[in-house]
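Below you'll find the structure, written out as structure tokens, and then a few comments.
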Amino acid sequence: MRSTVGRSSQIPISVREATLDDAAALAEIVIESNRATFRGLVPDRCLEWLTKEESTANWREFLVRGRRQEGQFLYVAETTERGVVGCALGGSHRDDPEYGGELYLLGVLPEYQRHGIGRRLLTAIAERLARDAVHSLLVRVLMVNPNRHFYERLGAQYMREEVYNWNGVLLGQAVYGWLDTTAIRQQLQ
């Protein structure tokens with residue numbers, strides 16, 4: 001039986017680059033965090049179209065065959081008790097001259113949310129980009145996402161709204177950005 005972590009506790013985690021062995025955990029994180037976050041906010045077809053087996057196979061291909069685009073990197077957060085509980089995909093961003101980096105994905109298993117894991121993963125992305133002399137970052141978040149204010153609390157500025165096509169459903173997404181990620185990178189020091 002899986003234990004649930006108390007909301008007020010800060011649990012010890014480590015952050016590292018993802019490996020092929022993480023594919024099944026990545027699938028679980030993305031599917032379960034999306035279902036927990038968006039159930040009742042988006043049509044079920046957005047949440048049910050991909051099985052864990054298909055997602056695991058996609059992550060394996062991403063990690064082995066280089067499906068990731070040039071400049072992308074993937075981190076996982078893990079606990080000693082549960083193993084991998086969160087992930088973040090980041091990389092370079094070339095479509096906006098003011099923002100050199102992008103956070104493409106941030107997910108944490110529902111029972112491990114609100115323990116600083118998302119913040120640690122975001123920090124790892126910002127630090128990795130900074131090693132490549134990229135100090136600005138943007139992220140796209142669905143407007144219906146009740147957790148989108150996480151980025152505002154960390155200093156991201158709302159830039160604009162765009163349309164996102166999620167399995168044939170058109171949804172609004174907010175674009176947030178940090179022109180300077182120094183504050184993000186220093187928050188855990």
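For the stretch 170-189, filtered to residues that are at pLDDT 95 or above and more than 22 Å from GLN72 (Cα to Cα), the residue that is surrounded by the most Cβ atoms within 10 Å (Cβ to Cβ) is LEU171.
From LEU74, LEU41, grab the single residue that is buried (at least 18 other Cβ atoms within 10 Å of the Cβ) and not polar (S, T, N, Q). Before you say what the answer is, go through the steps one by one.
Values: LEU41 fails: buried (at least 18 other Cβ atoms within 10 Å of the Cβ).
So the residue among LEU74, LEU41 that is buried (at least 18 other Cβ atoms within 10 Å of the Cβ) and not polar (S, T, N, Q) is LEU74.
Given the condition without any contact (Cβ under 8 Å) to a residue 24 or more places away in the chain and assigned to a loop (DSSP other than H, G, I, E, B), answer yes or no: does some residue in the stretch 48-62 qualify? Taking every residue of the stretch 48-62 in turn, at least one turns out to be without any contact (Cβ under 8 Å) to a residue 24 or more places away in the chain and assigned to a loop (DSSP other than H, G, I, E, B). Taking the criterion of being surrounded by 21 or more Cβ atoms within 10 Å (Cβ to Cβ), of a type in the set (A, V, I, L, M) and in a strand (DSSP E or B), the residues of the stretch 87-131 that qualify are ALA88, LEU89, LEU103, LEU106, VAL108. Residues in the stretch 132-169 that are aromatic (Phe, Trp, Tyr), under 23 Å from ALA36 (Cβ atoms) and open to solvent by 80 Å² or more (accessible area, probe 1.4 Å): TYR164 only.
The values are calculated or read from the model by the stated rules, or taken from the named source; none is laboratory data. Since the model is a prediction, treat every value here as computed from it, not as a measurement. As a convention, Cβ positions derive from the backbone with ideal geometry for all residues, glycine included, and neighbour counts pool all protein chains shown. SASA here: full protein model, heavy atoms, side chains in, ligands and nucleic acids out. Shrake-Rupley method; radii C 1.70, N 1.55, O 1.52, S 1.80 Å.
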